[in-house]
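Novice: What follows is a single structure, and I will ask about it in a moment.
The values are calculated or read from the model by the stated rules, or taken from the named source; none is laboratory data. Treat the numbers as computed from the prediction; the structure is a model and nothing was measured. Methodologically, a virtual Cβ is constructed for each residue, glycine included, from the backbone with ideal geometry; neighbour enumeration extends over all protein chains shown. Heavy atoms of the whole protein, side chains included, go into the accessibility calculation; ligands, DNA and RNA do not. Shrake-Rupley method; radii C 1.70, N 1.55, O 1.52, S 1.80 Å.
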Amino acid sequence: MRTLVVLLLVAVANARVYERCEWARLLRNQGMDGYRGISLANWVCLSEWESHYNTRATNHNTDGSTDYGIFQINSRWWCNDSQTPTSNACNIRCSELLTDDVIVAIKCAKRVVQDPNGIGAWVAWRQHCQGQDLSSYLAGCGL
């Protein structure tokens, strides 16, 4: 437990909150626009509603799992937090999702959307982005 607390404190010290257009550019540069047919605007919308572009965001769920990082990746299925029984399908420590190195989070998000639910695995996307006009998420970004 003490090790987890230390790792989380180190992760928080290295975290950041992105500006919308900065995040959109980074996602585009990492090949997220069109990945598995998912538009860049969908990824930006998802990130806004899940974490407000905050790499250190966490959410404790009623089932005992925790969502981590800018994409709010769940410990029950995708990462190991040493507390939740997990499938750890991304084969990472959850603390890796809480740093300003978002490459790990992006790779894991790409893994999540390979499952049958696709981007619909994220409740916030289903509630706030699905079927909506998402043009405002890229407006003024020059993309």
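Novice: Of all the residues that make up segment 97-115, how many are exposed (fewer than 14 other Cβ atoms within 10 Å of the Cβ) and among the β-branched types (Val, Ile, Thr)?
Specialist: Of the residues in that region, 1 qualify.
Novice: Checking Gly69 against (1) open to solvent by less than 20 Å² (accessible area, probe 1.4 Å); (2) in contact (Cβ under 8 Å) with a residue 60 or more places away in the chain, which single condition isn't satisfied?
Specialist: Tallying (1) open to solvent by less than 20 Å² (accessible area, probe 1.4 Å); (2) in contact (Cβ under 8 Å) with a residue 60 or more places away in the chain, Gly69 fails exactly one: (2).
Novice: Now for a different question. So which residues in segment 52-66 are without any contact (Cβ under 8 Å) to a residue 24 or more places away in the chain and either closer than 14 Å to Cys108 by Cα or open to solvent by less than 10 Å² (accessible area, probe 1.4 Å) (or both)?
Specialist: Residue satisfying the conditions is Ser65 alone.
Novice: Which number in (1) in contact with a strand residue (DSSP E or B) (Cβ under 7 Å, 6 or more places away or on another chain); (2) on the phi > 0 side of the Ramachandran plot marks the one condition that Asp67 misses?
Specialist: Here Asp67 clears every test but (2).
Novice: In segment 68-85, is there at least one residue being assigned to a helix (DSSP H, G or I), of a type outside the set (Phe, Trp, Tyr) and out of contact with any Lys or Arg (no Cβ under 9 Å at 6 or more places or on another chain)?
Specialist: The answer is no; no qualifying residue exists.
Novice: Within segment 10-25, take every residue that is more than 13 Å from Asn54 (Cα to Cα) and open to solvent by 40 Å² or more (accessible area, probe 1.4 Å) and give me the one that is modelled with the lowest pLDDT.
Specialist: Selected residue: Val10.
Novice: Please state which of the following conditions Asn42 fails to meet, knowing it meets all the rest: (1) open to solvent by 10 Å² or more (accessible area, probe 1.4 Å); (2) touching a residue at least 40 places away in the same chain (Cβ under 8 Å); (3) touching an Asp or Glu at 6+ places or on another chain (Cβ under 7 Å); (4) not hydrophobic (A, V, I, L, M, F, W, C).
Specialist: In the conditions (1) open to solvent by 10 Å² or more (accessible area, probe 1.4 Å); (2) touching a residue at least 40 places away in the same chain (Cβ under 8 Å); (3) touching an Asp or Glu at 6+ places or on another chain (Cβ under 7 Å); (4) not hydrophobic (A, V, I, L, M, F, W, C), Asn42 misses (3) alone.
Novice: Can you tell me how many residues within segment 97-115 are assigned to a helix (DSSP H, G or I) and out of contact with any Leu (no Cβ under 9 Å at 6 or more places or on another chain)? It would help to see each step written out before you state the result.
Specialist: Here is the first cut: in segment 97-115, the residues assigned to a helix (DSSP H, G or I) are 97-98, 103-112.
Among the residues that remain, those that are also out of contact with any Leu (no Cβ under 9 Å at 6 or more places or on another chain) are: 97, 103, 107, 110-112.
Residues in segment 97-115 being assigned to a helix (DSSP H, G or I) and out of contact with any Leu (no Cβ under 9 Å at 6 or more places or on another chain): 6 in total.
Novice: Can you pull out every residue in segment 116-143 that is assigned to a loop (DSSP other than H, G, I, E, B), open to solvent by less than 70 Å² (accessible area, probe 1.4 Å) and either among the basic types (Lys, Arg) or free of Cβ contacts under 8 Å to residues at least 12 places away in the same chain (or both)?
Specialist: Within segment 116-143, just Ala139 meets the criteria.
Novice: Would you tally the residues in segment 80-96 being open to solvent by 80 Å² or more (accessible area, probe 1.4 Å), closer than 20 Å to Ile106 by Cβ and in contact (Cβ under 8 Å) with a residue 60 or more places away in the chain?
Specialist: Start the filter on segment 80-96 by keeping residues that are open to solvent by 80 Å² or more (accessible area, probe 1.4 Å), which leaves 82-83, 85, 91, 93.
If we keep only those that are closer than 20 Å to Ile106 by Cβ as well, we get 91, 93.
Then keep just the ones that are in contact (Cβ under 8 Å) with a residue 60 or more places away in the chain; that gives 93.
Adding up the residues that qualify gives 1.
Novice: Continuing with this model, one more query. When segment 81-114 is examined, which residues are found to be farther than 19 Å from Thr66 by Cβ and among the acidic types (Asp, Glu)?
Specialist: Those that are farther than 19 Å from Thr66 by Cβ and among the acidic types (Asp, Glu): Asp100, Asp101.
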